[in-house]
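Right, one structure below, let's go through it.
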Amino acid sequence: MQAHQKSMKDGIQNILFPVEHMNITQGNNGSYSHQGVNALDLAGYKGGCSPLYAPFDVVCVGVDGPDLGNAVFWHSEQGSICGWNNRLCYDYDYTRQQS
């Protein structure tokens, strides 16, 4: 996605991927820390830092530090459509990669 980009279906926002480029540095059952879990580590464009955009209109409802996974938790008061199964979602978490 790009800055200020939105996608709507029947008046409800679709969740968009929050960066312009996807660079997966570790996937599910990764060699470092994802054994047995459905998780991804992401890096910016060409391994650097990239702007991160809100995937839909959100309110931040929580932040976990490095000891709890560097996660940021978002809530959509309007609900958003999850693209993988078209269900209505209200919560989303994004794990920040430290740079």
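FYI, it's all coordinate maths here, none of it is from the lab. As the structure is a computational prediction, the values presented were derived from the model and not from experiment. Cβ: placed from backbone, ideal geometry, glycine included. Neighbour counts: every protein chain shown.
Would you mind calculating the gained length between residue 71 and residue 29 on full extension (0.36 nm times residue separation, minus the Cα-Cα distance), in nm to one decimal? Walk me through the numbers on the way to the answer.
Details: separation 42, 0.36 × 42 = 15.12 nm, distance 1.87 nm.
Value of the extension gain: 13.2 nm.
Rounded to the nearest 0.05, what FRET efficiency is calculated for residue 39 and residue 8 with R0 set to 22 Å and r the Cβ-Cβ distance? Don't skip to the answer; put the middle values down first.
Working: r = 29 Å, r/R0 = 1.31.
Taking R0 as 22 Å, the efficiency between residue 39 and residue 8 is 0.15.
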